[in-house]
Amino acid sequence: IAHHYMEGKETQADIAAFKSYDSMLKSIVLTEFNRNIGQTSKEMIAKLDSDLNLAKETNVAVTMCWLQVAVKSKYHTSPFVAEDKLVGRVGRTAYILPVYRAMITVDKQQAWKIFQKHIDFYHPITKGILESAFGNAKELISM
């Protein structure tokens, strides 16, 4: 399905198949977009969202994969509203670290602001892992 979209050859059957998939298969498809982000465009990802209704996805694992693609393709831009919502309600490192990493690649300062907003929500281990993802956070404190 991912390669069909990247080639501009997606079909209604692809859309129906994706919608019938469980969360694991949906995550695999979205991970393929993430791995081939250079072959995507903001417009392609907008069509993907429109066709598959990804913005309304309720499964956290699928949402995490979707938000990485949306941010890295620049379909979602700063101030990262959807990403802020996810990392503010889910504290599990496995789900939020990839989203923070995606935001950091696009707008490190805004990602830092979001992290600071939710810092007290996170477990100390998660907080430490996220701080490491930002690298030298001292440069961000003055931002």
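The values are calculated or read from the model by the stated rules, or taken from the named source; none is laboratory data. All values reported here derive from a predicted model rather than from experimental measurement. So basically every Cβ, Gly included, is an ideal-geometry build from the backbone, and we count neighbours across all protein chains shown. The accessibility values were calculated without ligands, DNA or RNA, using every heavy atom of the protein model including side chains. Shrake-Rupley method; radii C 1.70, N 1.55, O 1.52, S 1.80 Å.
So which residues in segment 11-56 are of a type in the set (Asp, Glu), in contact (Cβ under 8 Å) with a residue 24 or more places away in the chain and more than 21 Å from residue 106 (Cα to Cα)? Answer for segment 11-56, where residues must be of a type in the set (Asp, Glu), in contact (Cβ under 8 Å) with a residue 24 or more places away in the chain and more than 21 Å from residue 106 (Cα to Cα): just 51.
Per the conditions (1) closer than 26 Å to residue 114 by Cα; (2) assigned to a helix (DSSP H, G or I), the sole criterion not satisfied by residue 79 is (2). Within the bounds of segment 128-139, is there any residue that is under 21 Å from residue 31 (Cα atoms) and modelled with pLDDT under 95? Checked against the condition, which is being under 21 Å from residue 31 (Cα atoms) and modelled with pLDDT under 95, segment 128-139 yields at least one hit. Mind checking whether some residue in segment 9-23 is closer than 25 Å to residue 129 by Cα and of a type in the set (Phe, Trp, Tyr)? No, segment 9-23 contains no residue that is closer than 25 Å to residue 129 by Cα and of a type in the set (Phe, Trp, Tyr). If I filter segment 110-123 for residues that are free of Cβ contacts under 8 Å to residues at least 40 places away in the same chain, surrounded by 16 or more Cβ atoms within 10 Å (Cβ to Cβ) and of a type in the set (Val, Ile, Thr), do I get at least one hit? Yes - at least one qualifying residue is present in segment 110-123.
Between 107, 84, 49, the distinction of being of a type in the set (Asp, Glu), buried (at least 16 other Cβ atoms within 10 Å of the Cβ) and within 30 Å of residue 11 (Cβ to Cβ) belongs to 49 only. Within segment 53-66, the residues that satisfy the criterion of being under 23 Å from residue 12 (Cα atoms) and part of a helix (DSSP H, G or I) are 54, 55, 56, 62, 63, 65, 66.
Of the residues making up segment 71-81, none is touching a residue at least 40 places away in the same chain (Cβ under 8 Å) and among the charged types (D, E, K, R). Scanning segment 135-143 turns up no residue that is surrounded by 17 or more Cβ atoms within 10 Å (Cβ to Cβ) and not charged (D, E, K, R). Could you tell me whether segment 45-63 includes any residue that is of a type in the set (Val, Ile, Thr), within 29 Å of residue 92 (Cα to Cα) and more than 14 Å from the chain's Cα centre (by Cα)? No - not one qualifying residue is present in segment 45-63.
Of the residues making up segment 14-31, just one is open to solvent by 40 Å² or more (accessible area, probe 1.4 Å) and closer than 13 Å to residue 4 by Cβ, namely 16.
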